[in-house]
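Everything on this sheet refers to the single structure shown next.
Only the coordinates and a few stated rules stand behind these numbers; no lab work does. Quantities reported herein were computed from a predicted structural model and do not represent experimental measurements. No Cβ is skipped: glycine too gets one built from the backbone with ideal geometry, and neighbour counts run over all protein chains shown.
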Amino acid sequence: MQYTKKMIKPKGILYLSVPIGRDYLVWNAHRIYGRIRFPLLIKGWELLDSFGFNDDLFDKDECRQPILVLKNR
């Protein structure tokens, strides 16, 4: 995400979709972003809007992949 931040101009918009649920590392495949990893992922970005995202997703065993609208600070 820090590399992406350098590629997008200040105040530029990024549409991001990642798996959201309980923090979990699926060995050698991908991560699921939860209460611990998610804030680290969007650090330095402003969350403008989302589609399909709410804080309840962090407490579920299943994972969803909402769309996040982020603005480069």
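Some observations on this one:
- Residue count for the range 42-69, restricted to those that are hydrophobic (A, V, I, L, M, F, W, C) and in a loop (DSSP other than H, G, I, E, B): 3
- Residue, farthest from residue 8 (Cα to Cα), within the range 54-72, restricted to residues that are surrounded by 11 or more Cβ atoms within 10 Å (Cβ to Cβ) and over 10 Å from the mean Cα position of the chain (by Cα): 60
- Residues of the range 1-17 classified as over 12 Å from residue 69 (Cα atoms) and under 10 Å from the mean Cα position of the chain (by Cα), total: 1
- Residue pairs meeting the criteria (Cβ under 8 Å; at least 6 apart or on separate chains; first in contact (Cβ under 8 Å) with a residue 60 or more places away in the chain and hydroxyl-bearing (Ser, Thr, Tyr), in the range 1-24; second surrounded by 14 or more Cβ atoms within 10 Å (Cβ to Cβ) and part of a strand (DSSP E or B)): none
- Residue 25 vs. criteria aliphatic (A, V, I, L, M), surrounded by fewer than 15 Cβ atoms within 10 Å (Cβ to Cβ) and under 18 Å from residue 64 (Cα atoms): yes
- If the condition is being farther than 16 Å from residue 46 by Cα and of a type in the set (Val, Ile, Thr), then the range 56-72 contributes no residue at all.
- Check on residue 44, surrounded by 10 or more Cβ atoms within 10 Å (Cβ to Cβ) and at positive phi: yes
- Among the residues examined, residue 38 qualifies as surrounded by 15 or more Cβ atoms within 10 Å (Cβ to Cβ) and not acidic (Asp, Glu).
- Filter result for residue 36 (over 21 Å from residue 11 (Cβ atoms) and among the β-branched types (Val, Ile, Thr)): yes
- For the range 18-41, filtered to residues that are within 10 Å of the chain's Cα centre (by Cα) and part of a loop (DSSP other than H, G, I, E, B), the residue that is nearest to residue 73 (Cα to Cα) is 18.
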